[in-house]
Every structure is written in structure tokens, then in C-alpha cells.
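All of the numbers you see were taken from the coordinates with simple rules; none came from a lab. Predicted, not measured: the structure shown is a model, and the values here were computed from it. Cβ atoms come from the backbone with ideal geometry, glycine included; neighbour counts cover every protein chain shown.
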């Protein structure tokens, strides 16, 4: 009897609960993070924009002087272009090396997938500073690469890798690889293997299957990974300064120099906004390309 | 009708006719597990053969080996008498309808159907009309620009079928194609696939664990168990004359009555049931403990005792359309199921009756198996 009473009461209780819960979710639950973002991200960003409109470095009057100085000097445009190119080169290098790894991961047994996933995220377990200094040891004049090249007689002189863009791209490829692989592997693992069987049974060669089935289905993950690699390598201040050195100038180093060395905050703010806008523009293009490649299939 | 008949024109459809499949001594092992054990099988041109068995019996492995996804350790697969063992899957021209249909989610219905034609390098001018013709055949013309995700299960299956037929396969493999459909749609699709297969003269292999599906669609059934074919025959042969206890139990509903064979002479067997009832049946069997397997429809209830009748206590009756399935229990506790006409005398639960074999019934007799067998 009491059981029946409980059963009868249950629906009423259940009906009342969601009504209360619905008033809380989702805005209420997101409020703490939203307020934190507003206070510590949106507000400083607005301040940054405001600071860039001070005319002089002591911030006494308003004016477009800093913007004029930034935009009218070809050197600054070259720094912007170099920064974006560095990001694109890192994206290309990580994709060329990471995509075959993701294909290997897709076909592996669950046990090997765990091993490969560990290999993929292992770089994240070490600090960027440590990884960057490790690359100095590897790429230096007396480093591992040069000892090998000289030992094999491939070159008479040690190769110059440190303080070159090639060396920087090589080390960024390793440092940023987990950012490409994590979204890519999760998408790869979700591709139904029967789709590949279906493709083969319909007469498609392995290459056709790769380009017509695997690549479009992996496109959202690949695009997400490329975005992360691009955003991270264009702003990789530590790697850019330590491996690139003083000869290679990218926007993050320029911002740091203007803010901390020259103490020209308005100009540093201008450069920071230039970095933000240009990187965001490229990211928008990559994201759009990813959606097109996926054929809008995943909506 | 879901499919429109296609005119028997010469051309693509004609080339579908007349392909045979032979499997010779096929063996596949996964480590210590034997998935296929020296399987021999011949599928005639234009025939639908069902591979029926519980999961792990090797039916899917056999299908995947024919398709080329699994490489056998022994034996050969021949299409029209020519070995295809060294051909990769993409050069075998074997059409497959997968259990979940495996449609490409990023392509439209028409692109899915055209995929195989493009892969074969058909000229663009030929692909368009051919895709239209195939979509017309499965009556999906109006949905040609939809994505698979926007289709119902039955529509997806028709796309999968059109896609597989587009490459004019020599053999059509159906891997549990009806499992994901609901009951009423399943019957429709079974009828229509069968009709289409007849029209095109296709040779097809249907993998299923559903005996009703195998019975209704297949011309012949191969019942598989533990990597071997336990029995191969028409649905009627498999149902009426099961060659093993496993087949008798797997196909249809079967009562197993423990008995003792007391003697056999002149094609007749004398046996005694657990409760002492003596029966004489046509057949042959060595003397000793045995199991009599009786279909529910081979048993009849009587009001009065008589020769070859044994007393039963009646249990529940479950009405199933025109007849009812009645549960009953022998004096020694053996449970029985039998069919009785629903409109006949309604007997009550717990009532006693006398059960005998229907006239002309030929139940199968098997030596009693070892305890660890099924």
C-alpha cells in the first residue's frame, strides 16, 4: 500500500523538480565563469583598446599617433606577416607529420591506441621552457643534429639551426604537436570502420578512401587542431625568443619589448591588438575551410 | 510496392546474371580461436543463401572473407570458378549492404549511390543517368539531395542497396540488413529485397541470426555453429528434418523429450518416454538413451487416454493469431509447448489432458548428448 502511494506521489514530485531546476540552468550555472570572463578578460581587453589610443607614451592625451606609427611603417607589416607565416608553417609541418600518426591511431587496436595517445600527449607533461631548452641542445652548433650530420659527412660545416626560422619551425612542430593531435585523434577514433569497408567494397582504392571518406570526416578535428597550433605558435613567446633569438622578430617579442623595455604602453597595446586581429582573421579562415571540407555534414 | 519493376533490358542488369560462388576448405583463425574450420559451400547463380547461426558461429567471418576484408589461412573463394583470393576488396566487385548501412554521412543520397561508379572511373555522362535509374528503382528519386542522417531506417537501407547494386556486383552480401528495422518494415523490406533479387537474377548471401528472416528470404539455409556448417538445405528441409540436436533447437520451437530407444526394426523405432509411455515411430536409432525433438504443432491434446498418449497438466495458453501456444507439463516434470486451435474447446489452467503425436508427424530422434553440450 505504501509502495503504491510512493508510486503515485513520485510523478508529482518529479514534475515539480524540473520547474525549479529550469530556472537555474543554464544561465545561472554559467554565471560564475561569465562574470570571471567579464572581469578578467573583457574588461582588460577594453582597457587595452583604450590604452592604444593614447597619443604619447606617458599617456597624457588621446590621439591616433601610435596607430599611425604602427600602420605607416613597413617594418611592422613585415613583423605581422612573419608572425602569421610562422604560424602557417607550424600548421603545415604539424599536419604533415600528425595526420599519418592519426591514421595509424585510427587503425590500431584499443591497446595500441592507449599507447599512441600517451605518446601524443607526452610533450604536454613537460614544461614549454624545458622543451624549448632541450631543442637548444639538439639544434645547437655542438648539438645532436650537427654531430650526426658532421659524423655522417653530410656537411663540412655545422649547420646553423638555432636563430633560424627553420630551427624554430622544427621545435614548434614538436612543441605544438599535442594541440593538433588531441582533437584530431578523437575525431579519427569516431570514424566507423565499416565506412572504410564500404568504400573498398565499392571499388575505391585506399587513396580514394583517404581523400573522399577519411579526410572529410576528420576535417572538423583537423581544423580544430590547426586552429590551436596556429594560435599557439604565433604567440609562443618563449620558443620564439629562445630559439629564434634577437634576429627574428615576431609580434609577441615586439610587444614585450615595447611594454617592458621601452615602456611605451600605448604602442605595445597597438601591436597587441594587431596580433589579436590578424591571428583571429586567419583562424576564421581555417575554421571556414574546415566546415567546407566537412561538407556541412555534421550539423 | 516499394520497388518498381525494371524492364528486363539488355545492358547493365543482364551482366548481373549467372554468377556462382564456391568456398573450398575455407579456414580462418584468430590466434587460438578457430573462426572458420574447413568450410565448403557452393552458392548457385541467382540463389539467396542464408548463413544462420548464433553470434560467434563464423557467419560474419565467412562474409568478410568473401568480401576480402579478412584473409583466410586456408582454402579458396571462387566466383564463377575463378579464385579471387589474391584480389583486394576494391577489385572483387562484391556488393555489401552493411548492418548499419554504413552510408557516407558527408555525402547526399545521390553521391552515395554514385560513389562506386566514380571509383570505377565511369564517364561523368554515364553516372548521372545510372544514379537516377537506381534511385528510381528503390523509389528514392525525390530524396536524392538529402543526407543519410535525414532519412528513416528503411530509406537508408534502400540507399545502401542502390549503392551496392550500382557497381553491378557479381555477388551481393547482406550483413544482418534487417536487424535495425522495426518489425512491420522488416517484413516489407524482406519481400522487396527478395523481389528485386529475383528480377535482377542476383546471387546473394544473407548473414543473419534471425531464423524467421532466413526462412522467409533464403532459398537455402546454411546453419553454422563453431566455425562449421552444421546443416545446409532448403528452409523446409532444415525445419522438418534437422540433422542435429543443435539445428533442431536453433530453428523454430522444439520440445525435447528424454526417452529410451528399446529397439528398431523395419524402419520403425520403439521407444519409451520418461513417464513410461510407449511410442513407435518411423526412423532409425541405436538403442539407448535418446532425445525426441517434437515441434509444438506435432502434438495434439485429447480428452481421453489411448495408445501413444501421455497425461499432461495444462499450463498457460498464449493466443498468437489463429492459434494458441499452450504450455503443459508431463508427469515427470518435463515442460512442453504445443499449439492448439484458439477457437476449440477452451481448457482451463491446471486441467489434465492426454497428449499424443499428430497424425503423420515425424519428430526427430537424437542420441542423448553429453551433459556439457547444449
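Taking 0.36 nm per residue of separation and subtracting the Cα-Cα distance, full extension of the segment from residue B:352 to residue B:37 would add 108.5 nm. Label positions at residue B:284 and residue A:150, each projected 7 Å from the Cα along the C-beta direction, are separated by 9.2 nm. Taking the Cα atoms only, what angle lies between the long axis of helix B:183-200 and the longest principal axis of chain B, rounded to 10 degrees? Helix B:183-200 and the main axis of chain B meet at about 60 degrees.
FRET efficiency for the residue A:112 to residue A:211 pair, using the beta carbon distance and R₀ = 35 Å, is estimated at 0.90. Between the alpha-carbon centres of the stretch B:44-75 and the stretch B:133-171 there is a gap of 24 Å. Can you tell me which of A:206, A:26, A:110 moves the most in a GNM of chain A? Springs connect C-alpha atoms under 10 Å apart. Result: A:26 has the largest fluctuation of those listed. The slack between residue B:24 and residue B:44, meaning 0.36 nm per residue of separation minus the straight C-alpha distance, is 5.8 nm. Inter-chain neighbour count for B:87-98: the average number of beta-carbon atoms from partner chains within 10 Å of each residue's beta-carbon is 4.
With r as the distance between the Cβ atoms of residue B:327 and residue B:304 and R0 = 30 Å, compute the FRET efficiency 1/(1 + (r/R0)^6) and round to 0.05. List each step's numbers first, then the result.
Details: r = 21 Å, r/R0 = 0.71.
Efficiency, from the Cβ-Cβ distance: 0.90.
How many Cβ atoms of partner chains, on average, are near each residue of B:175-188 if near means within 10 Å of its Cβ? Show your work: numbers first, answer last.
Values: counts 2, 0, 0, 0, 0, 0, 0, 0, 0, 0, 0, 0, 0, 0.
Mean number of neighbouring Cβ atoms from other chains: 0.
Its alpha carbons give the protein assembly as shown an Rg and a Dmax of 36.6, 122 Å.
FRET efficiency for residue B:320 and residue B:124, Cβ-Cβ distance as r, R0 = 51 Å, nearest 0.05? Working from the Cβ atoms, E equals 0.40. Rounded to the nearest 10 degrees, the angle from helix B:124-137 to the longest Cα principal axis of chain B is 30 degrees.
Bridge orientation summary for chain B: considering DSSP beta bridges with both residues in this region, about 80 percent are antiparallel. Axis angle, to the nearest 10 degrees, between helix B:109-119 and the longest C-alpha principal axis of chain B: 70 degrees.
Protection proxy ranking, highest mean first, for peptides A:139-146, A:118-125: A:139-146, A:118-125, where packing is the per-residue count of other beta-carbon atoms within 10 Å, averaged. Placing one equal scatterer on every Cα of chain B and applying the Debye formula, the log10 ratio I(q)/I(0) at q = 0.12, 0.15 Å⁻¹ is -0.95, -1.22.
Its alpha carbons considered, the stretch B:242-309 gives a radius of gyration followed by a Dmax of 12.5, 34 Å.
From the Cα trace of the stretch A:67-293, what convex hull volume per residue do you get, rounded to a whole Å³?
Details: hull volume 35.6 nm³, N = 227.
Cα convex hull per residue, to the nearest whole number: 157 Å³.
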